[in-house]
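Report on one structure; see the data block that follows.
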Amino acid sequence: MPAPFSETFPETPAASAALAVATRFCSPALLNHSIRSYLWGAGYARAHGIGFDDELYYVSSLLHDIGLTETFDSHTVPFEEAGGRLAWVFCTAAGWSPDRCARAEKIIVVHMRDGVAASEDPESHLLQVATSWDVSGQRPEEFPADARAAVLARHPRLGFGAEFLAVFEEQARRKPGCRAAVSVVDGIGARIAANPLDA
C-alpha cells in the first residue's frame with residue numbers, strides 16, 4: 001500500500017487525456033494546483049481509510065478549475081458549473097457511462113458548495129478538502145510537513161495564491177452572486193494570504 005502522500009497517479013487513457021487537456025489550457029500555476037489537489041485528496045483518503053474511485057477523482061481534480069481558464073471561462077455560468085459540463089463532455093468522449101460522466105460533473109460543481117461527508121460522496125468530499133487546503137490553508141493538521149515539502153518540491157505554487165485571487169475577483173465582478181463572488185465577500189483574499197503553504 002502506498003504511503004498517504006506518495007506520488008502515484010492512475011494510468012488510464014482517460015487520466016492521460018485529462019492531464020493533456022489541463023496542461024494545454026491551464027496556466028502552470030493552475031495546473032500544479034490541480035495536480036496538488038489530487039495528491040492532497042488521495043493522501044487524505046489513504047490516511048483516513050476512505051475508499052474512492054481513483055480515476056474518477058483524478059480526472060475531476062485535473063479538470064475542476066478548467067472553467068477559470070481563458071478558453072473555457074463563461075461570462076454567464078459559474079466557473080464550477082462550466083467546468084463540470086466540460087468534464088461531462090470529456091468523460092462522454094472517453095467512453096464513460098452516463099452515470100460516471102454525471103459523477104465527474106457533480107464532483108466539480110459540488111467542490112464549491114457546502115461540505116459533503118465522505119460517507120455520502122467520497123470523491124466530492126476529497127476534492128472539497130484538498131482544494132480548501134491548497135487555496136486557503138484549511139485543515140493544516142491533516143497535511144504533515146514532510147508531505148507538504150515533497151508535494152511542493154515537485155509541483156511548486158508559482159504564485160498560485162495571487163493568480164487565483166485575481167481570477168476569483170474577476171469572476172465576482174462579472175457574475176455577482178456566484179460562489180466565487182460569495183468567497184470574495186467572505187474574505188478569501190485574507191485566507192489565501194495566510195495560507196501556510198506560502199509561508
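The values are calculated or read from the model by the stated rules, or taken from the named source; none is laboratory data. Remember, it's a predicted structure, so these values are computed and weren't measured experimentally. Virtual Cβ from ideal backbone geometry, glycine too; neighbours counted across all protein chains shown. These accessible areas exclude ligands, DNA and RNA; they are computed on the full protein's heavy atoms, side chains included. Shrake-Rupley method; radii C 1.70, N 1.55, O 1.52, S 1.80 Å.
Return the pairs, sorted by first residue and then second, in which the second residue is assigned to a loop (DSSP other than H, G, I, E, B) and open to solvent by less than 10 Å² (accessible area, probe 1.4 Å), the first residue lies in the stretch 132-155 and is within 27 Å of residue 186 (Cα to Cα), the beta carbons are less than 8 Å apart, and the residues are 6+ apart or on different chains.
Pairs that qualify, where the first residue is within 27 Å of residue 186 (Cα to Cα) and the partner is assigned to a loop (DSSP other than H, G, I, E, B) and open to solvent by less than 10 Å² (accessible area, probe 1.4 Å), are 133/143; 135/195; 136/195; 137/195.
What is the residue count in the stretch 38-87 for residues that are closer than 17 Å to residue 124 by Cβ and either open to solvent by 20 Å² or more (accessible area, probe 1.4 Å) or modelled with pLDDT under 95 (or both)?
So the answer is 10.
State whether one or more residues within the stretch 165-177 are of a type in the set (S, T, N, Q), out of contact with any Leu (no Cβ under 7 Å at 6 or more places or on another chain) and modelled with pLDDT of 95 or more.
Yes, some residue in the stretch 165-177 is of a type in the set (S, T, N, Q), out of contact with any Leu (no Cβ under 7 Å at 6 or more places or on another chain) and modelled with pLDDT of 95 or more.
Any chance the stretch 65-82 includes a residue that's under 14 Å from the mean Cα position of the chain (by Cα), part of a helix (DSSP H, G or I), touching a residue at least 40 places away in the same chain (Cβ under 8 Å) and closer than 17 Å to residue 155 by Cα?
No, because not a single residue in the stretch 65-82 is under 14 Å from the mean Cα position of the chain (by Cα), part of a helix (DSSP H, G or I), touching a residue at least 40 places away in the same chain (Cβ under 8 Å) and closer than 17 Å to residue 155 by Cα.
Considering only the stretch 15-37, how many residues are among the small types (Gly, Ala, Ser) and either crowded, with 21+ Cβ neighbours inside 10 Å or without any contact (Cβ under 8 Å) to a residue 24 or more places away in the chain (or both)? Reasoning before the result, please.
Narrowing the stretch 15-37 to residues among the small types (Gly, Ala, Ser): 15-18, 20, 22, 27, 29, 34, 37.
This time we only want the ones that are either crowded, with 21+ Cβ neighbours inside 10 Å or without any contact (Cβ under 8 Å) to a residue 24 or more places away in the chain (or both), so: 16, 18, 20, 22, 34, 37.
Count: 6.
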